[in-house]
Amino acid sequence: MERRSEMTKALLGEKFKELVVEKSFDKLTIKMITDAAGVIRPTFYNYFQDKYEVMEWLLNEDIFKSVTELIDMEMDVEAMKMLFRKFELDKAYYAKVFEVEGQNSFEEMLFDRVYKLVEKIIKKHPLKVEDKSEIISEEIFLKFQTITLVNGIKYWITYDKKQISADEALKFYEFLMTHSLLDIVDNDIWDKVIN
């Protein structure tokens, strides 16, 4: 019985994804989801409170479940690769849900999940900073990392006209995180800009 229940929940999630891509989140109704899944409306409420909860469940189920498992197995680099590759698998869906704004926005849900992911990595690998005064606090560091990663993913998914692959997006993210603007800019040019 539990297996059937899991299959029904997964079916509702899959139909939700298809409909979001086809119609958009705002126009989507619970009835549309249940009709597409071939179930009655009360069945939806056995699994989800509303369509926001479906969106959050899918984010966890499709992406963060496997990414977190890799981190738990001490495979942090592979987890980051998996994060980008999972987004790439359903790029059209994620581009649509990034349009969901306001309270319970997709970006807010993603920020929460990425923050917890970054926090988990940092707890296992303490910051390697000789002079602790170089950073304001661990929390600010976590938020900065999270904002950078979430906004990078959002830009890649929603504004990418060149169809950059997940591996290319990850490589670019790594480059940005290991090179400051000051490292990149020619010192002569930088001196002219600030003077």
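The values are calculated or read from the model by the stated rules, or taken from the named source; none is laboratory data. What you are looking at is a predicted structure, and each value in this text was computed from that prediction instead of being measured. Note that each Cβ is placed from the backbone with ideal geometry, even for glycine, and that neighbours are counted across all protein chains shown. Calculation scope for accessible area: heavy atoms of the full protein, side chains included, ligands and nucleic acids excluded. Shrake-Rupley method; radii C 1.70, N 1.55, O 1.52, S 1.80 Å.
Tabulated results
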{"quantity": "Restricting region 19-41 to residues that are assigned to a helix (DSSP H, G or I), surrounded by 15 or more Cβ atoms within 10 Å (Cβ to Cβ) and free of Cβ contacts under 8 Å to residues at least 24 places away in the same chain, the residue that is nearest to the chain's Cα centre (by Cα)", "calculated": "Leu19"}
{"quantity": "Residue in region 42-58 that is farthest from Ser105 (Cα to Cα), counting only those that are in a helix (DSSP H, G or I) and either polar (S, T, N, Q) or in contact with a His (Cβ under 7 Å, 6 or more places away or on another chain) (or both)", "calculated": "Thr43"}
{"quantity": "Hey, Ile153 open to solvent by 50 Å² or more (accessible area, probe 1.4 Å), of a type in the set (A, V, I, L, M) and modelled with pLDDT of 85 or more or not", "calculated": "no"}
{"quantity": "Region 47-73, subset without any contact (Cβ under 8 Å) to a residue 12 or more places away in the chain and among the acidic types (Asp, Glu), residue least open to solvent (accessible area, probe 1.4 Å)", "calculated": "Glu53"}
{"quantity": "Qualifying residues in region 1-16 (those that are open to solvent by 20 Å² or more (accessible area, probe 1.4 Å) and touching a helix residue (DSSP H, G or I) at 6+ places or on another chain (Cβ under 7 Å)) - the one farthest from Lys96 (Cα to Cα)", "calculated": "Thr8"}
{"quantity": "Residues within region 78-110 that are open to solvent by 30 Å² or more (accessible area, probe 1.4 Å), in contact with a Lys or Arg (Cβ under 7 Å, 6 or more places away or on another chain) and in a loop (DSSP other than H, G, I, E, B), tallied", "calculated": "1"}
{"quantity": "Which listed residue, of Glu61, Glu6, is assigned to a helix (DSSP H, G or I) and more than 21 Å from the chain's Cα centre (by Cα)", "calculated": "Glu6"}
{"quantity": "Residue among Asp50, Asp90 that is within 30 Å of Thr29 (Cβ to Cβ) and over 16 Å from the mean Cα position of the chain (by Cα)", "calculated": "Asp50"}
{"quantity": "Where Phe44 falls short, out of the listed (1) under 21 Å from the mean Cα position of the chain (by Cα); (2) of a type in the set (Phe, Trp, Tyr); (3) open to solvent by less than 50 Å² (accessible area, probe 1.4 Å)", "calculated": "(1)"}
{"quantity": "Identity of the residue in region 162-176, closer than 18 Å to Leu89 by Cα and in a helix (DSSP H, G or I), that ends up most open to solvent (accessible area, probe 1.4 Å)", "calculated": "Lys171"}
{"quantity": "Test: residue in region 113-125 that is open to solvent by 50 Å² or more (accessible area, probe 1.4 Å), in a helix (DSSP H, G or I) and within 19 Å of Phe16 (Cβ to Cβ)", "calculated": "yes"}
{"quantity": "Pairs where the first residue, in region 92-119, is closer than 24 Å to Asp72 by Cα and the second is open to solvent by 60 Å² or more (accessible area, probe 1.4 Å) and part of a helix (DSSP H, G or I), C-beta under 6 Å, 6+ apart", "calculated": "Met109/Glu56"}
